[in-house]
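Quick notes on the structure that follows.
The values are calculated or read from the model by the stated rules, or taken from the named source; none is laboratory data. Remember, it's a predicted structure, so these values are computed and weren't measured experimentally. Note that we place each Cβ from the backbone using ideal geometry, even for glycine, and neighbour counts take in every protein chain shown.
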Amino acid sequence: MNSPMLPRGMSRRGLLKSGIAMTTASLILPAGMAMAQSEPKKGGVFRVGIGHGSSTDSYDPGLWDNLYAQTYAAARHNQLIEIGADGNLAPEIAESWTSADGMTWVFKIREGVTFHSGKTLTPDDVVASLNHHRGDASTSAAKPYFDAVTDIKVDGPNVVITINAPNADFPYLMSDYHLAIMPGTDGKIDVTSADGCGGYMVDSYEAGIQATLNRNPNYWKSDRAHFDQIVLLTILDPAARLNALMTGEVDTIDQVDPATIGLLESRGVAKILSISGNAHYVFPMDSRAAPFNDNNVRLALKYSFDRQELVDKILAGHGSVSNDNPIGPASRYYYAEMEAKTYDPDKAKFHLKEAGMDTLEVTISAANAAFSGAVDAAVLMSEKAAAAGIKITVDREPDDGYWDNVWMKKPFVASYWGGRPVEDQMFTTAYQTGASWNETFWSNEKFDGLLVAARSELDEAKRREMYQEMQRIVSFEGSTIIPMYNNYVMALSNAIATPEKVSNNWNLDGFRCVERWWFA
Amino acid sequence: MADIWRMIGRRLLLGILTLFVISLVIFGATELLPGDLARELLGQSATEETLAALREQLGLNDPAPLRYLKWLMGVLQGDFGVSMATQKPIAELVGARLGNTMFLALYAAALAIPLSLVLGILAALWRNSIFDRASNALALTSISFPEFFVAYILVLWLAQTGIFPSMVRITGSTTFGDRLYMSFLPALTLTLVVTAHMMRMTRAAIINLLASPYIEMARLKGMSPLRVVLRHAVPNALAPIINVVALNLAYLITGVVIVEVVFVYPGLGQLMVDAVTNRDIAVVQAIALIFATAYVLLNLIADVMSTITNPRLMHRR
């Protein structure tokens, strides 16, 4: 799967509409636990009920922003590189890739791959597909990834990408779900076409309702795409999704309502898959605005609420505590040993005093558009903070227009981030000085320096050290409160089998359930 | 008869004027919504540059009155334009959904109208009997619950037991019979929701007439109670019944988004919610106009039919 950049847009609309919640009582099946040991079998019609999807979804890869569009795309397309279920890069359309200096990247394009239309894939198609996301006129959400790219050209069977500064993680960016390889004509892709080289070919599609796809008989991966046919259904209402699964109308649903997991289990008609990943919920504070411009105030707030309580009550246990760290436990350089922040009113008071205050009054502007339960989470924080002399007023904002009028406009808000496979992506997207989505407007010279240095550092041990130092800086000096990592919670009918390891990169096995799962 | 045609003509003109005013109101309301299509399409990932590029592409930089006029000119020529979000013609986008919505509305009406008329007439006939009280109580109970609650109860009783499907999946190859079967639960939900209104109006209108002297006369002639009601009372009670039926039909077409969501029914309501959320204003306006047209036309039909059934209305000076 892929990941990247589009962090949040991803489920924003769906959240708005369906009020999803992740959640329940305990990790029923942690990532990586075996669900079925059978060998993959071919055949069957796989129906997935997805809590996203809208009549405005399009075939333009730059605009994919919800789980439906992402899963539908993963069924039709391949990317240069895939992120395997284990989190490592795996070759897809790029057979291999190398770089001598971290700046010039050579991707060897796989031969003998054909599009659904019968056209043979060439390096020119790859260049056209990537260029769609590059340049001033591009409307792609993946555009920022290409800011550093100075040249993309064909060299025999290879595509050569040149960037303006060394970046050891550059290949990870090429796994982004926006970067589908599509057929090009005169250097341009047709953004209204469903043609791809993925495992399934579109039979019918009604935006916001359903898509039916048949297996691509010429798919180059012989060990993938096991279903004869897949049907992707938009079911926005969580109860309707659950009903569809229980009555056998669909085989898998995403975003299971926490309150219903017990019911599902007691019926025995389905199994729950709860995958811990890097996705997390955040409360960003505008680091330019008083009182948040004082790190002591920020620290006081970070010590003034109970993280475990939020995990238990907001996620119903389907998640884990975060130490204000945007790098999750599924990351390579996750800093697990960092000093944990617990609920400590005395420490909070101490930091208030350091800031020259006895009491503090702040307002959180929250809406469930940020994440399901955001308003409740803010209220829980406000209750606990009172003991530290901090009065938090919770201002409930409307879901509609939240990202326009509240997020990055008001000083203290709620927000969320999907997980990314690479530390650099997360930091560059949301924590580097001046980044478009730096939602706290935070700026730290030391952090910025480390970020650039770590990109081109090839010594594994040194990189780890640098990334862990960055995590510490964000945690203790940053302007973002990060209480928890949220799990991806799905429910599968008993007939569905998955590989032993299910990806924790994105929901639905990194959107690739359609090509990785099978009927047992 | 000429009077009728003159009335229809006048009502149609008034209806068009109403629609024009409604289109202005809708446009104004959508302008007041925060954010725009470019912002919604790009989501949280929007940066100033991508926003500017997309706005330029979509023509969102024109002033509002100009955008409104352009759209109105298109509509007058029968061209609803293209969806700004998907670049597909709106007629195509709305067409299939409109068909689905009409199917569900007619299906529910086909169940609800005979049911409520029969119940209403029988209740009037056996006024204050157990039957009257029971049917009233049931109808009022079902109208008093929110739609989604009625829907979930039906799902619990009829879908989880495997009798009817809990969701509607209409594809190109769905046969008419399958369609009736799959859409039964949403149609039943809507039937339960609208029956009370029509049934009670029927009952009240007939009971009202039963006190009239001419009904007394009919009785004295020795007619059976059923014949008195069907032959003498119902024709004179038609005007109020037609009006309430028209109102409920309009509701079935325009007000069923919750039922659509619960049963995953691909109707116009869900499309409109999508379009509002995404600020796809051209689609919102097209659907609002369709809904407004449904109201205007149904009211017109109701007026004409009440007039026809009551000759006094045709000859008043």
key: Complete set of residues in the stretch A:310-332 that are surrounded by 18 or more Cβ atoms within 10 Å (Cβ to Cβ) and not aliphatic (A, V, I, L, M)   = A:Gly317, A:His318, A:Gly319, A:Ser320, A:Ser322, A:Asn323, A:Asp324, A:Asn325, A:Pro326, A:Gly328, A:Ser331
query = With A:Ala225, A:Ala211, A:Ala207 as the choices, which residue is within 24 Å of A:Gly112 (Cβ to Cβ) and hydrophobic (A, V, I, L, M, F, W, C)?
reply = A:Ala225
query = Among all residue pairs at least 6 apart or on different chains, which show Cβ distances below 9 Å where the first residue, located in the stretch B:51-66, is within 14 Å of chain A (Cβ to nearest Cβ) and part of a helix (DSSP H, G or I) and the second is surrounded by 11 or more Cβ atoms within 10 Å (Cβ to Cβ) and of a type in the set (Ser, Thr, Tyr)?
reply = B:Leu51/A:Thr139; B:Ala53/A:Ser138; B:Ala53/A:Thr139; B:Leu54/A:Thr139; B:Gln57/A:Thr139
request  = Search the stretch B:84-111 for residues that are without any contact (Cβ under 8 Å) to a residue 60 or more places away in the chain and away from chain A (no Cβ under 11 Å) and pair each with any residue that is of a type outside the set (Lys, Arg) and in a helix (DSSP H, G or I) when their beta-carbon atoms are under 8 Å apart and the residues are at least 6 apart or on different chains.
outcome  = none
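Out of A:Ala207, A:Ala142, A:Ala168, I need the residue that is closer than 20 Å to A:Asp124 by Cα, at pLDDT below 90 and surrounded by 15 or more Cβ atoms within 10 Å (Cβ to Cβ). Which one? Spell out how you get there, then give the answer.
Numbers: A:Ala207 fails: closer than 20 Å to A:Asp124 by Cα; A:Ala168 fails: closer than 20 Å to A:Asp124 by Cα.
After ruling out the rest, the residue left standing is A:Ala142.
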ask   = Out of curiosity, is A:Met201 touching a helix residue (DSSP H, G or I) at 6+ places or on another chain (Cβ under 8 Å) and within 19 Å of A:Lys153 (Cβ to Cβ)?
value = no
Subset tally (residues that are of a type in the set (S, T, N, Q) and modelled with pLDDT of 90 or more) for the stretch A:210-257 = 8
message = Please pick out the residue among B:Val264, B:Val259, B:Val284 that is within 14 Å of chain A (Cβ to nearest Cβ), outside any helix (DSSP H, G or I) and either under 30 Å from A:Leu233 (Cα atoms) or touching a helix residue (DSSP H, G or I) at 6+ places or on another chain (Cβ under 9 Å) (or both).
response = B:Val264
request  = Return yes when B:Ala124 is more than 14 Å from chain A (Cβ to nearest Cβ), over 24 Å from the mean Cα position of the chain (by Cα) and part of a helix (DSSP H, G or I) and no when it is not.
outcome  = yes
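Is at least one residue of the stretch A:498-520 polar (S, T, N, Q) and either in the same structural domain as A:Ala165 (by TED's automatic domain parsing) or more than 21 Å from the chain's Cα centre (by Cα) (or both)?
Looking for residues that are polar (S, T, N, Q) and either in the same structural domain as A:Ala165 (by TED's automatic domain parsing) or more than 21 Å from the chain's Cα centre (by Cα) (or both), one finds none in the stretch A:498-520, hence no.
Determine which member of the set A:Asp195, A:Asp186, A:Asp254 is on the phi < 0 side of the Ramachandran plot and surrounded by fewer than 24 Cβ atoms within 10 Å (Cβ to Cβ).
Numbers: A:Asp186 fails: on the phi < 0 side of the Ramachandran plot; A:Asp254 fails: surrounded by fewer than 24 Cβ atoms within 10 Å (Cβ to Cβ).
The unique qualifying residue is A:Asp195.
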request  = Identify, by number, the condition in (1) farther than 30 Å from A:Asp324 by Cα; (2) within 14 Å of another protein chain (Cβ to nearest Cβ); (3) in contact (Cβ under 8 Å) with a residue 24 or more places away in the chain; (4) not aromatic (Phe, Trp, Tyr) that A:Glu265 doesn't meet.
outcome  = (2)
inquiry  = So, in the stretch A:410-456, how many residues would count as being under 19 Å from A:Tyr333 (Cβ atoms), touching a strand residue (DSSP E or B) at 6+ places or on another chain (Cβ under 8 Å) and outside any loop (DSSP other than H, G, I, E, B)?
reply    = 3
ask   = Looking at the stretch A:393-401, is at least one residue assigned to a helix (DSSP H, G or I), modelled with pLDDT under 85 and of a type in the set (D, E, K, R)?
value = no
ask   = Checking A:Ala385 against (1) farther than 16 Å from A:Phe283 by Cα; (2) in contact (Cβ under 8 Å) with a residue 60 or more places away in the chain; (3) of a type outside the set (Lys, Arg), which test does it fail?
value = (1)
query = Mind checking whether some residue in the stretch A:172-182 is of a type in the set (Val, Ile, Thr), assigned to a strand (DSSP E or B) and either more than 14 Å from chain B (Cβ to nearest Cβ) or surrounded by 17 or more Cβ atoms within 10 Å (Cβ to Cβ) (or both)?
reply = no
remark   = When every residue in the stretch B:152-196 that is among the charged types (D, E, K, R) and more than 9 Å from every other protein chain (Cβ to nearest Cβ) is compared, the one nearest to A:Ile235 (Cα to Cα) is B:Arg179
request  = State the number of residues belonging to the stretch A:189-248 that are part of a helix (DSSP H, G or I) and within 24 Å of B:Asn278 (Cα to Cα).
outcome  = 4
